[in-house]
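Taking it in order: structure first as structure tokens, then the write-up.
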Amino acid sequence: MKKYLAELVGTFVLTFLGCGAAVSLSCGVDAASVVGTAIAFGLAVVAMAYTIGGISGCHINPAITLGVLASGRMSAKDACGYMVGQVIGGLLAGVALMAIYGAESGLGANGVGAGCNDSATTALVVEIILTFLFVLVVLGATSKNNAATGNFAGLAIGLSLILIHLVGIHFTGTSVNPARSIGPAIFAGGAALSNVWIFIVGPFVGALIAAGVWKAMEEK
């Protein structure tokens, strides 16, 4: 239960700080707001990696948990517990964001065509590719084969999330994390809620591809 609680807290922090920054900076209005939001998400991951990493491994993302499960590094029971904790953490962050900013702010929810087009297909493809890249970094950075650089895994993962946001915000606001998407979408409602399936399916597909690619590359 301590691991699941850690995942709940970590996901709350990631969603609240990342989405809160997106709202406060009016993400998408200009380049500075995009960079600021990307940095906020990345730093939140770094902070939580060194806070709860020793307890749960700091997945704080159902897509990462699925990738770790598919790689054979955890049990299905733990994976379910992690995902439940993560979604609850995202929902609690949605409540907090709603109380502070109000639904009209958008709550930093993901969307289709955030700054590019209105294609759900494009949004889905972007989320699959970006999640594949992100989960691949996570699996590699935390691999036993990379023990020499293991202490820097949290930093590598956080920095990669910044890069991923710099690309993805233009298209979808960047999810690569179903829990981060579900919480704000439920309380923002409207298009955010109707499109939330993209930010569940896309990250899960990307995570499974990453697990398959990593298993093919990993040295036994």
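The table below gives the values:
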{"item": "P(r) of the range 36-77 over all Cα-Cα pairs, binned every 5 Å from zero, in whole percent", "result": "6, 22, 22, 23, 16, 8, 3, 0"}
{"item": "Of (i) 55, 32, 30; (ii) 49, 34, 29; (iii) 56, 35, 31, the label for Cα extents along the principal axes in Å derived from the coordinates", "result": "(ii)"}
{"item": "Set of aspartates and glutamates near Lys144 by C-alpha distance (under 16 Å), chain-local residues within fewer than 8 positions excluded", "result": "Glu218, Glu219"}
{"item": "Environment charge of Thr11, counting only residues whose C-beta is closer than 14 Å and scoring Lys/Arg +1, Asp/Glu -1", "result": "+1"}
{"item": "Burial ranking of peptide ranges 5-12, 95-102, 121-128 (average Cβ count within 10 Å, highest at the top)", "result": "5-12, 121-128, 95-102"}
{"item": "Whole-Å distance, taken between Cα centres, linking the range 116-183 and the range 21-82", "result": "8 Å"}
{"item": "Tail weight of P(r) past 17 Å, computed on alpha-carbon pairs of the range 97-178, percent", "result": "55 percent"}
{"item": "Relative packing of peptides 175-185, 200-210, 54-64 - highest average C-beta neighbours within 10 Å first", "result": "175-185, 54-64, 200-210"}
{"item": "Value at 222 nm in deg cm²/dmol, rounded to 500, when DSSP H runs of n ≥ 4 in the chain each add -39,500 (n - 2.57)", "result": "-24000 deg cm²/dmol"}
{"item": "About the Cα centre, charge dipole magnitude for the chain (Lys/Arg +1, Asp/Glu -1 at Cβ), debye", "result": "620 debye"}
{"item": "Local electrostatic count, Gln86, Cβ distance below 14 Å [Lys/Arg +1, Asp/Glu -1]", "result": "0"}
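The numbers here are math on the coordinates, done by the rules we state, and not lab data. Computed from a predicted model, the values in this text were never measured in an experiment. Note that each Cβ is placed from the backbone with ideal geometry, even for glycine, and that neighbours are counted across all protein chains shown.
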